[in-house]
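The values are calculated or read from the model by the stated rules, or taken from the named source; none is laboratory data. Small disclaimer: the values here were computed from a predicted structure and weren't measured. Please note: Cβ atoms are built from the backbone with ideal geometry, for glycine as well, and neighbour counts cover all protein chains shown. Keep in mind that these areas ignore ligands, DNA and RNA; they rest on the heavy atoms of the full protein, side chains included. Shrake-Rupley method; radii C 1.70, N 1.55, O 1.52, S 1.80 Å.
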Amino acid sequence: MDTQRGHTSRRRFLLGAGVPLLLLGGGLGYALWPEEEARQKVRTDLEPLNRRFWTALGDVSDAHWLGYDIDETAGDRTIPSPDSRVRLVGTARLKPGTANRILRDPAHHFEATALATLPVELKPYVPSAAAWRQSGTYDKGALQEGLDVIPSGSFCFDGIRDLVYFDYVFLYT
């Protein structure tokens, strides 16, 4: 009888210790599992882009872009902030000759560049053979006039196709 009592105590101990360990391990595995990247919906409406970029680019057409709050898409892995950071990224067609006019402006030195942070959703809309050119001085002055937000980012131009690639973060305070 004594051996059976010891066997039952051992079983209770293993269940008592094992179940919480299994639950803890499963919970940690779930918490540490990488989340699937949230896919953004590609937008094609022009009014928000023309309103935001008109002073720098004029009216655009044939746009494919994303607009989202960076902090909201990060989920619960960021510290809440009273400020909102909205990213506008995409490509659009300029009026004929606009890209070349901007690229020839002697006030800005444009250099060849690659699109380093192209979201996967936009890859089908960006020509792989585009000859992108970018200027830091153009970017600094392009969006400073009359904005109620603090912008940071860049424009890249393809003079052959009259395309612009934009990647800006607007800080709303």
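Observations on the structure shown:
- Any hit, the stretch 133-145, residues being part of a loop (DSSP other than H, G, I, E, B), touching a residue at least 40 places away in the same chain (Cβ under 8 Å) and surrounded by fewer than 18 Cβ atoms within 10 Å (Cβ to Cβ): yes
- Given (1) small (Gly, Ala, Ser); (2) more than 16 Å from Ile160 (Cβ to Cβ); (3) part of a helix (DSSP H, G or I), index of the condition Ala99 fails: (2)
- Going through (1) modelled with pLDDT under 90; (2) among the β-branched types (Val, Ile, Thr); (3) over 21 Å from Gln40 (Cβ atoms) one by one, Thr98 falls short only on (1).
- Single residue of the stretch 146-161 satisfying the filter (assigned to a loop (DSSP other than H, G, I, E, B) and open to solvent by less than 80 Å² (accessible area, probe 1.4 Å)) that is modelled with the lowest pLDDT: Leu147
- Residues (open to solvent by less than 10 Å² (accessible area, probe 1.4 Å) and part of a loop (DSSP other than H, G, I, E, B)) located in the stretch 162-173: none
- Conditions (1) surrounded by 10 or more Cβ atoms within 10 Å (Cβ to Cβ); (2) in a loop (DSSP other than H, G, I, E, B); (3) modelled with pLDDT of 80 or more; number of the one not met by Arg39: (3)
- Scanning the stretch 42-66 for residues that are closer than 22 Å to Asn100 by Cβ and in a loop (DSSP other than H, G, I, E, B) returns Leu46, Gly58, Asp59.
- Tally, over the stretch 87-127, of residues that are open to solvent by less than 80 Å² (accessible area, probe 1.4 Å) and of a type in the set (D, E, K, R): 3
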